[in-house]
Amino acid sequence: MKLAGVPALALTALVLAAPLRAQDSSAVSPITLQAGPSLGVELGFSRASFRGAGASGTRSSNGAVAGAWFRLPLARWLSVQPGLRLVSRGGAGTIPSLAGPVDFEVDLVYLDMPLLLRARLPGISRTNLVLLLGPAPGARIGCNVDFSQAGSPLARATCDQATTGASFRSWDVALTAGVGIALPVERSEISLEARYARGTRDVIEQTETRNEALTVTLSVPF
């Protein structure tokens, strides 16, 4: 799951072309005018993993995401959307031991503060296509490591207890891109969104290990 330069440029091109597309296309649904600022909440699923040279041999882990957002329209088709999100990140792997392989799972919890541009393009029938792009700085507020062997739990430790000579960084900045489908409801809309977030800082000092996560959320206005 890599966020290459070409898809990012394509996403930007789609965002910039949205007003022209809304005017020229009569076969798709029109974009309704965003009446004003709105608030909402979101809840969903997270599939997280580590990437980089230090993440060799690790695998993905599952978690949850919950948050709230504030949406401020900038144009008929574009808005800025800051928010707060509790997001599970981390990864899993296996380490050898004299008694046999030991599985571990790193459970990281971040309080993210995404600041996203949100574009609405014409969709099918009454729906709109949603595109999201922007940074998401986040503070780590939880960090645990679970150890197990042959499916049986062995121990649970904090990240500081589980590492020696290095420590987990307390914050990260993720670059975020997403897509979704939105259904207008009164002056706002309900949307189902998928976002890919890629961390820009090493999770553990002195290693090349960074966060990446795919989240799927249902976003509902107040």
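Please treat every number below as a calculation from the coordinates, not as lab data. A quick note: this is a predicted structure, and the numbers were derived from the prediction, not measured. Every residue, glycine as well, gets a Cβ built from its backbone with ideal geometry; the counts of neighbours run over all protein chains shown.
How charged is the neighbourhood of G54? Take every other residue with its Cβ under 14 Å from the Cβ of G54, and add Lys/Arg as +1 and Asp/Glu as -1.
Numbers: positive: R51, R169, R201, R210; negative: D202, E205, E208, E212.
Charge balance in the 14 Å sphere: 0.
In the range 154-222, which GluC sites (Glu not before Pro) fall in coil by DSSP and have 14 or fewer other Cβ atoms within 10 Å?
Numbers: sites: E186, E189, E193, E205, E208, E212; in loops: E186, E205, E208.
The qualifying sites are E186, E205, E208.
Near S188, once Lys and Arg are set to +1 and Asp and Glu to -1 for all other residues with Cβ below 15 Å from its Cβ, the sum equals +2. Coupling constants for the range 184-193 follow from the phi torsions by the Karplus curve (6.51 cos²θ - 1.76 cosθ + 1.60, θ = phi - 60°), and in residue order they are x, 9, 6, 9, 9, 7, 8, 9, 10, 10 Hz; glycine and proline get x. Neighbour counting of Cβ atoms within 10 Å sorts the residues W171, W77, fewest neighbours leading, into W171, W77. Shape class of the range 35-87 from the alpha-carbon gyration tensor: prolate, with a/c at 1.5 or above and a/b greater than b/c.
When peptides 58-68, 172-182, 81-91 are sorted by average Cβ neighbour count within 10 Å, with the highest value leading, the order is 81-91, 172-182, 58-68. Taking other residues whose beta carbon is less than 11 angstrom from the beta carbon of L108, and scoring Lys, Arg as +1 and Asp, Glu as -1, yields 0. Per-residue Karplus couplings for the range 196-205, computed as 6.51 cos²θ - 1.76 cosθ + 1.60 with θ equal to phi - 60°, are listed in order as 10, 10, 10, x, 10, 10, 5, 5, 10, 4 Hz, Gly and Pro entered as x.
For L116, the amide hydrogen comes within under 5 Å of the amide hydrogens of Q81, counting only partners 5 or more places away or on other chains and with H modelled in the peptide plane.
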